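Structure, as structure tokens:
The values are calculated or read from the model by the stated rules, or taken from the named source; none is laboratory data. What you see is a predicted model; the values in this text were computed from it and never measured. Note: ideal-geometry Cβ built from the backbone for every residue, glycine included; neighbour counts use all protein chains shown.
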Amino acid sequence: MSTSKKKVLILALVFALATLVGSGVTWFAVDRVVGGFSEVDDVFSGLDEAQRPSPPGRESDGSTPTFFLVMGTDSVAGGQTTGEDATADEGNARSDTIMLIRVDGRTDRTHVVSIPRDSWVDVPGHGMNKINAAYAFGGPTLLVQTIEQLTNIRVDHFAIVDFFGFRAVTDAVGGVTVTVPFETNHHGHVFRAGPQKMNGDEALAYVRQRTNLPRGDFDRVQLQQSYLAGLLTTVRSDVSVLDFGTARDLISAIKGAVTLDSALTNARKLKFAWQLRGLQAKSITFLTVPYTGTGMEGEQSVVYLDDELAARMWTGLRSGSIDEVGSDDFNEFRYKAN
């Protein structure tokens, strides 16, 4: 998903791995499949541990949640820039899609919070700026630092996804049925409200759309979330637990699109796959960080976050209470997948 883009293929990866783990395939065979991802080193080594948020405490069963920061880059490069199929330099890239994901350590709940790329925030060392400038200024490390400062949530893992590889992921599962929230069109493709099956080219146009959207990037976030919900449903329903070949092909396509931080070892991938082996798409909650509206900072169009409501969302996300405490306040910022 992303030209340097989109994102939460990491959840599709987890679903595909869960399919393999649950299929009776030998652990050795699964381990071979999950190896070989493109990696970025030293994402977290440049951070001052004294300034980072504390890790969440362990639950009574010994489990802890895991937080993933997933991003895609709005790159000026003329080809794929991430994953093992990368052929172009990232150039002057800015993060175009930013998602913070909480994988619960003890339940089947997963929360995905989208952060608009034009959010006006404090970027450490650079003052107030759009959040998508952090990656351009200081790469993954500064983006992680910016997110941790904004949310007071410690990021455990980081992933980048590229648009060019995204098409292969979509086609690897034979297309994705998306519940389109409103009629729209982009690059000659018309998307009518309601369920619509998309191939790779169609899905790419759908999630990359920037024009003809009444609410601009807010609608774009909703399109991306609706696609992701459809992708995860497809992976869970159409990649049979007995179809090792299809699951393997999906993971191969994801490898071509995704770059992971080097701390996400094969053992950790398999751990998450086992932990989420029973996860359904309906168990995933998609949110957008609360905002008050848009405005101008100099010549830049920016998004102003609702500091008070956003702080409550981050607290609920960190503690795992987001579905119980004040959840009605977040209804406006929640994507409801059908």
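One table, with the values for the structure above:
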read-out	value
Yes/no for THR233 being modelled with pLDDT of 80 or more, under 17 Å from the mean Cα position of the chain (by Cα), polar (S, T, N, Q) and not in a strand (DSSP E or B)	yes
Test: residue in the range 131-148 that is over 17 Å from GLY72 (Cβ atoms), touching an Asp or Glu at 6+ places or on another chain (Cβ under 7 Å) and not in a helix (DSSP H, G or I)	no
Failed condition for ASP329, given (1) at pLDDT below 80; (2) touching a helix residue (DSSP H, G or I) at 6+ places or on another chain (Cβ under 7 Å); (3) more than 22 Å from TRP120 (Cα to Cα)	(3)
Within the range 107-133, tally of residues that are buried (at least 19 other Cβ atoms within 10 Å of the Cβ), of a type in the set (A, V, I, L, M) and more than 23 Å from GLN222 (Cα to Cα)	1
Number of the condition not met by ASP104 [criteria: (1) of a type outside the set (A, V, I, L, M); (2) in contact with a Phe, Trp or Tyr (Cβ under 9 Å, 6 or more places away or on another chain); (3) under 19 Å from PHE68 (Cα atoms); (4) surrounded by fewer than 20 Cβ atoms within 10 Å (Cβ to Cβ)]	(2)
Given (1) out of contact with any Leu (no Cβ under 8 Å at 6 or more places or on another chain); (2) crowded, with 16+ Cβ neighbours inside 10 Å; (3) modelled with pLDDT under 95; (4) not β-branched (Val, Ile, Thr), index of the condition PHE286 fails	(1)
Flag if PRO124 is at pLDDT 90 or above, over 15 Å from the mean Cα position of the chain (by Cα) and either small (Gly, Ala, Ser) or closer than 22 Å to ASP156 by Cα (or both)	yes
Any hit, the range 26-42, residues being in a loop (DSSP other than H, G, I, E, B), under 25 Å from ASP162 (Cβ atoms) and modelled with pLDDT of 85 or more	yes
ARG277 of a type outside the set (Gly, Ala, Ser), at pLDDT below 80 and not in a helix (DSSP H, G or I)	yes
Any hit, the range 158-176, residues being in contact (Cβ under 8 Å) with a residue 12 or more places away in the chain, touching a Pro at 6+ places or on another chain (Cβ under 6 Å), crowded, with 20+ Cβ neighbours inside 10 Å and over 23 Å from GLY216 (Cα atoms)	yes
Residue that is modelled with the lowest pLDDT [pool: residues in the range 81-95 that are out of contact with any Ser or Thr (no Cβ under 6 Å at 6 or more places or on another chain) and buried (at least 19 other Cβ atoms within 10 Å of the Cβ)]	ALA86
Which numbered condition LEU270 fails, given (1) modelled with pLDDT under 75; (2) not in a helix (DSSP H, G or I)	(2)
